[in-house]
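A.B. asks: Can you read through this structure? Questions will come right after.
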Amino acid sequence: NYPPGPKGNPVLGNLLELPRTLLFLKLSEWAKEQGKVNTYAVSTPTLVIINSAKVAVDILDRSSIITGDRPNL
């Protein structure tokens, strides 16, 4: 299950809504509307954008249990 995000075109997703320059401004605008974690469908890949450092640290702390035992390369 993905977090909520803006509705997009069924085929292209949110690709047509993303600006070519100053992408961070549009993502910041969507963060104010949708919340701190959003999902954007951009053609084939689905992007999950985290707009908060605290949320990012919380996610990394929770996932460290899963990825913490990897051997050093």
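A.B. asks: Output the residues belonging to the range 31-48 that are in contact with a helix residue (DSSP H, G or I) (Cβ under 9 Å, 6 or more places away or on another chain) and outside any loop (DSSP other than H, G, I, E, B).
C.D. replies: Correct list: Val37, Asn38, Tyr40, Ala41, Val42.
Residues checked against (1) modelled with pLDDT of 85 or more; (2) surrounded by 11 or more Cβ atoms within 10 Å (Cβ to Cβ):
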| position | (1), (2) |
| --- | --- |
| Asn1 | no, no |
| Lys7 | no, no |
| Leu15 | no, yes |
| Leu27 | no, yes |
| Lys32 | yes, no |
| Lys36 | yes, yes |
| Tyr40 | no, yes |
| Asn51 | yes, yes |
| Gly68 | no, no |
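The values are calculated or read from the model by the stated rules, or taken from the named source; none is laboratory data. This one's a predicted model, so the numbers in the text were calculated from it and none came from an experiment. No Cβ is skipped: glycine too gets one built from the backbone with ideal geometry, and neighbour counts run over all protein chains shown.
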